[in-house]
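Below is one structure, written out as structure tokens; the observations come after it.
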Protein chains: 2
Amino acid sequence: MNLPDLLAVARGDAPGDLLFTNGRVVNTLTSEIEELDVVVFDGHIAGLGSGYRAHRTIDLRGGYLLPGFINGHTHIESSHLWVGEYARAVLAHGTVAAVSDLHEIANVAGLFGLRQLMQAAEPLPFELYLMAPSCVPASPLETAGAVLGPDEVAEALRLDRAIGLGELMDFPGAIDGLPRVIDKLRPAGDRLIDGHAPGLTGHALNAYIAAGPQSDHESTMLEEGREKLRRGMYLMIREGTTEKNLEQLLPLVDDGTWPRCLFVTDDRSAADLLNDGDIDAIVCKAITLGLDPIRAVQLATINAARCFGLRGLGAIAPGYRAHVIVCDDLRRPQPRQVYFAGRLITEGGRALFEAPPGEIDARLLNSVNVAALTPDSFALPVVGPRYPVIEVIPGQILTGCRIEEVRVVNGRVEADVERDILKLAVIERHQGSGRIGVGLVHGFGLKRGALASSYAHDSHNIIVVGTNDDDMAEAVLAVVARQGGLVAVADGRLLASLELPVGGIMSLESAERVAERGAALNDAARSLGAQVDEPFAVLSFLALPVIPSLKLTDRGLVDVERGDLFDLTAMRED
Amino acid sequence: MNLPDLLAVARGDAPGDLLFTNGRVVNTLTSEIEELDVVVFDGHIAGLGSGYRAHRTIDLRGGYLLPGFINGHTHIESSHLWVGEYARAVLAHGTVAAVSDLHEIANVAGLFGLRQLMQAAEPLPFELYLMAPSCVPASPLETAGAVLGPDEVAEALRLDRAIGLGELMDFPGAIDGLPRVIDKLRPAGDRLIDGHAPGLTGHALNAYIAAGPQSDHESTMLEEGREKLRRGMYLMIREGTTEKNLEQLLPLVDDGTWPRCLFVTDDRSAADLLNDGDIDAIVCKAITLGLDPIRAVQLATINAARCFGLRGLGAIAPGYRAHVIVCDDLRRPQPRQVYFAGRLITEGGRALFEAPPGEIDARLLNSVNVAALTPDSFALPVVGPRYPVIEVIPGQILTGCRIEEVRVVNGRVEADVERDILKLAVIERHQGSGRIGVGLVHGFGLKRGALASSYAHDSHNIIVVGTNDDDMAEAVLAVVARQGGLVAVADGRLLASLELPVGGIMSLESAERVAERGAALNDAARSLGAQVDEPFAVLSFLALPVIPSLKLTDRGLVDVERGDLFDLTAMRED
């Protein structure tokens, strides 16, 4: 930016590029609405008030002008969209900046993956900020495609646009002050460290916060969120595809707490981004639930900017970036137009620019490496009359643990479709080690067939749920054949699929196409009996061994509270 | 700090150093008061809640525990106290951290002076932060002891504890985007740039803010403060010795603006620090004026910390520094005790530690260099029947400009005591150049004698006001003989004095002694007829050519709005 030229426009001595007139400007700095003109030059707000002129004038005819939304915490890989398509999708909903913990791609492809994605984002009309992933892999109880030790984390923190350390999921290690965690905190310096502390309270929460994390997006209960706010964490109110916490947490936002609250999506599917929206959807829902519209906009803009120290974002004021949203109804601030750096880039919910994926490095396109696999690979030996079963909890990424009598056939534990006890397996897919963890899950509801995915938090091994070993094998082989993807299989036949060739986690297709394929996959899953909404999203969290309580990785069943593999010897009949 | 040990205390696995019990903790993060214990270890807050133990327990018996106060903008040199004495004085009032623009010492002794002062602060139980002085000298229309160009500013920004760029007083240069200003902004990077924009509004204010400054402490009027808040500046509400803006600006603090407001002192005398207080005095006054006590504490703590990005300050939460205040009445939160890093350092308004000045470098102790001077040096030639007169405005550092008929004797303009038009002079004292600016001032009220000072913003030349040239010369020579100080002289006799040997601006005496000498000087000034409160503080601003409207420097009368020397040819009789 040429500062002297910007100042000439601000002084009124020279015309700006763009002048917004007859607008009602949402002032996130003073919690007011002001009726005044806004002049833009060279991608920045130059001035507000009367007496300005510009080469082009936009008459807002009483519409509202608000700062572009900021997503305070997301893993963009969860949309399965490569970064250009992701940006197109969320910009249409007014999100101009996302703080992204890219630990999905990092689990697959390490620093190389991080760099590739950040570089692909550079030319886009979008501000992608990086939280350097702190926990790759999330736990030593799983196998990822890469390990980021303290040196690699420090290197990630040196990347352009790295503004902090990503969610510190290893909360037991942080609380205990283990070197494997502490050594990764130091290079963050004064930058924000994102927390991840589901259900943590009391002394343990104090210790976790004292270790460094200053934000948390895992609160699901009112008192949990209240305690985290009180002890010093920014309250990131999450509305993801499967994780919806706004209704529970909104009462915490009041005149004395609002500066420390913000909105995040964590994980949102392409279909949700297209049909429901991104941060705008949370803003609308919060207003519907009773939050003052200006305050809702503040949580979606300036509060995120302040949390991360992003100067120049989150407000419409001189010197700030000219990322602005035009909308007609402040009680439902879905963007009519979005301007990025003073340039109109989306209108009526449609991006006005293209962002083809370009050349993707071959190393990212060949990431699935699985050893020979047959239906027998899913054999589950009997350890006793009962077996631990992962319990799906609707609307949560938390799971329960049930100890159930199991169906035994020929000395093996088998799925018990009648009682909705299905087989679940996680197949290591980075090193071709042949390692498979097999377990049981309740709550999916499949009556036949199998669902498989190479998108499984956080290591992104292949996860498969099924009613029989044959279909499970078929489904996994279909994922392998595509070098990553989601598939639904029944009776040996492929019903639906989505290819995810980039690291086995992201598509090269458009958001619309990904959403369409996703819908077809959901339809197929439903036709097989699936009873959960978003079965593939639910599936993707069943392998995440840092969210309580029972999870499955390529190394076996994980007892998350205990931080170790589940002790199956306890299942033996004495 | 040993983090693993701190975490052991936070977990409750090991005893802390100190446990505060039965206290009411002011939570600046949620705007609440909580009744819970606070455990401290190794200078930090380890945890809050029950079930903690420590080697020492402090029973607060229902008293309040609040975070130590932070002064968001001050020039500590204005107290005339060397840094140890300054810290002792303000710590007694609960100020544990000060953000100081050390442009007074920098005007006298450049980077060398900055370094000496910051080094002297290092071992103290006090957090002194540096805003790198941006305008040394404040204006090209005066002569300072040093010039900080862009390279020197960049070097100052690299000092430990440099957290931003000091007040950008050259607002005309900033608004016009002149390289002399712009080149100093760049090295600040993402750090805060303090503004200084008295009376600025509209397009000019927009341009100034677009240039970089994100805070302002010069608002004196409600609408002025409102516009600055709206356009993106942190509102620093100032209560100095001569500048009192709280009553005017307090209505701007509401539920939607409070996070962007904070308290500052700018310039406070030693007597004020001892008798009235520091930030605590502003907090008390704000509460008396109707501000909610918790909010008043927030403006004095967390808001300043957030404004400057000072992590670990401004709240009582795990991992934060254990700088806390104990007080009995939250409606009048004057500290009963102050703890710095968990150590009791002041009690009942008295510091429990000594901070002798130590060895001061000889270069700082020999800073006054004045050419030969006689009563004739103050001769003021006649330019016409009228002459511009600086008008003192009580309670403001702004001045007016009156064009008055003047008393002429033997072809020279002389003081006119009857009409309270006195002579004012500024004598260059860094280079021994012999340069003297002479003018007239109204509003002082002296009936005889003269007052002189080597503390004159910002260049700290020697300023003298008097009823006759003989006493003026006598007074200046008395200042020179002391290598800096304040003096009151009448009929050739010294009535009172305060030596300021450090750079001609700071004493090596205790706060009590400086205050006592200051009181004697004020008494002497009153005995000579002075009608202003704090005559030496008022005098010190008459040479500051960046505060409107008429000022005097060693180069002559300055028309501040015009940004140039006053055009005396306009006074000629045509």
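Laid out as a table, the results:
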| item | result |
| --- | --- |
| Test set (1) within 14 Å of chain A (Cβ to nearest Cβ); (2) on the phi < 0 side of the Ramachandran plot; (3) assigned to a loop (DSSP other than H, G, I, E, B) - B:Pro123 fails condition number | (1) |
| Residues being free of Cβ contacts under 8 Å to residues at least 40 places away in the same chain and more than 9 Å from chain A (Cβ to nearest Cβ) - total across segment B:188-206 | 5 |
| Conditions (1) in contact with a Lys or Arg (Cβ under 8 Å, 6 or more places away or on another chain); (2) under 20 Å from A:Asn303 (Cα atoms); (3) not aliphatic (A, V, I, L, M): number failed by B:Pro318 | (2) |
| Among (1) closer than 28 Å to A:Phe69 by Cβ; (2) surrounded by fewer than 15 Cβ atoms within 10 Å (Cβ to Cβ) - the single one A:Glu359 does not satisfy | (1) |
| Residues that are surrounded by fewer than 21 Cβ atoms within 10 Å (Cβ to Cβ) and small (Gly, Ala, Ser), drawn from segment B:511-541 | B:Ala519, B:Ala520, B:Ser527, B:Gly529 |
| Segment B:43-77, residues that are surrounded by fewer than 22 Cβ atoms within 10 Å (Cβ to Cβ) and under 30 Å from B:Gln116 (Cβ atoms) | B:Gly43 |
| Residue in segment B:309-319 that is on the phi < 0 side of the Ramachandran plot, free of Cβ contacts under 8 Å to residues at least 60 places away in the same chain and surrounded by fewer than 22 Cβ atoms within 10 Å (Cβ to Cβ) present | yes |
| Hey, A:Arg56 farther than 24 Å from A:Asp292 by Cα, more than 10 Å from chain B (Cβ to nearest Cβ) and touching a strand residue (DSSP E or B) at 6+ places or on another chain (Cβ under 9 Å) or not | yes |
| Criterion: in contact with a Ser or Thr (Cβ under 8 Å, 6 or more places away or on another chain) and within 30 Å of A:Pro548 (Cβ to Cβ) - qualifying residue of A:Ala415, A:Ala371, A:Ala304 | A:Ala415 |
| Some residue of segment A:400-413 being of a type in the set (S, T, N, Q), in a loop (DSSP other than H, G, I, E, B) and farther than 27 Å from A:His103 by Cα | yes |
| Candidate set from segment A:363-412 (those that are surrounded by 13 or more Cβ atoms within 10 Å (Cβ to Cβ) and of a type in the set (Ser, Thr, Tyr)); member that is nearest to A:Gly443 (Cα to Cα) | A:Thr399 |
| Residue tally, condition away from chain B (no Cβ under 14 Å) and in a loop (DSSP other than H, G, I, E, B), over segment A:318-341 | 11 |
| Any chance A:Val136 is within 19 Å of the chain's Cα centre (by Cα) and part of a loop (DSSP other than H, G, I, E, B) | yes |
| Filtered residue count, segment B:131-158, keeping only those that are within 19 Å of B:His196 (Cα to Cα) and of a type in the set (Ser, Thr, Tyr) | 2 |
| Options B:Ile209, B:Ile182: the member that is part of a helix (DSSP H, G or I), at the interface with another protein chain (Cβ under 8 Å from one of its Cβ atoms) and within 16 Å of A:Arg311 (Cα to Cα) | B:Ile209 |
| Test: B:Asn303 is within 14 Å of chain A (Cβ to nearest Cβ), crowded, with 24+ Cβ neighbours inside 10 Å and at pLDDT 95 or above | yes |
| Residues that are farther than 24 Å from B:Glu122 by Cα and aromatic (Phe, Trp, Tyr), drawn from segment B:331-386 | B:Phe378 |
| Qualifying residues in segment A:12-53 (those that are touching a residue at least 60 places away in the same chain (Cβ under 8 Å) and among the small types (Gly, Ala, Ser)) - the one farthest from the other protein chains (Cβ to nearest Cβ) | A:Gly23 |
| Residues of segment A:432-449 satisfying the condition of being within 21 Å of A:Pro388 (Cα to Cα) and either in a loop (DSSP other than H, G, I, E, B) or touching a residue at least 60 places away in the same chain (Cβ under 8 Å) (or both) | A:Arg435, A:Ile436, A:Gly437, A:Val438, A:Gly439, A:Leu440, A:Val441, A:Gly443, A:Phe444, A:Gly445, A:Leu446, A:Lys447 |
| When residues of segment A:542-564 are limited to those that are over 20 Å from A:Thr242 (Cα atoms) and at pLDDT below 90, the one surrounded by the most Cβ atoms within 10 Å (Cβ to Cβ) | A:Gly563 |
| Hits in segment B:90-120 (condition: crowded, with 24+ Cβ neighbours inside 10 Å and assigned to a helix (DSSP H, G or I)) | B:Val90, B:Leu91, B:His103, B:Glu104, B:Ile105, B:Ala106, B:Asn107, B:Val108, B:Ala109, B:Gly113, B:Leu114, B:Leu117 |
| Among residues of segment B:262-308, those that are free of Cβ contacts under 8 Å to residues at least 24 places away in the same chain and in a loop (DSSP other than H, G, I, E, B), counted | 2 |
| Residue match in segment A:244-266 (condition: under 25 Å from A:Pro535 (Cα atoms) and small (Gly, Ala, Ser)) | no |
| Evaluation of A:Arg419 against (1) surrounded by 24 or more Cβ atoms within 10 Å (Cβ to Cβ); (2) touching a His at 6+ places or on another chain (Cβ under 9 Å) (one fails), failing number | (1) |
| Any chance B:Val9 is within 14 Å of chain A (Cβ to nearest Cβ), closer than 24 Å to B:Pro125 by Cβ, out of contact with any helix residue (DSSP H, G or I) (no Cβ under 8 Å at 6 or more places or on another chain) and part of a helix (DSSP H, G or I) | yes |
| B:Ala296 vs. criteria within 14 Å of another protein chain (Cβ to nearest Cβ) and under 25 Å from A:His203 (Cα atoms) | no |
| Residue ID - surrounded by the most Cβ atoms within 10 Å (Cβ to Cβ), chosen from residues in segment B:455-499 that are of a type in the set (A, V, I, L, M, F, W, C) and closer than 14 Å to B:Gly145 by Cβ | B:Ala456 |
| Answer residue from segment A:213-252, given it is part of a loop (DSSP other than H, G, I, E, B), buried (at least 24 other Cβ atoms within 10 Å of the Cβ) and within 12 Å of chain B (Cβ to nearest Cβ) and is farthest from the chain's Cα centre (by Cα) among those | A:Arg231 |
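The values are calculated or read from the model by the stated rules, or taken from the named source; none is laboratory data. Quantities reported herein were computed from a predicted structural model and do not represent experimental measurements. With ideal geometry, Cβ positions are generated from the backbone for all residues, glycine too; neighbour counts draw on all protein chains shown.
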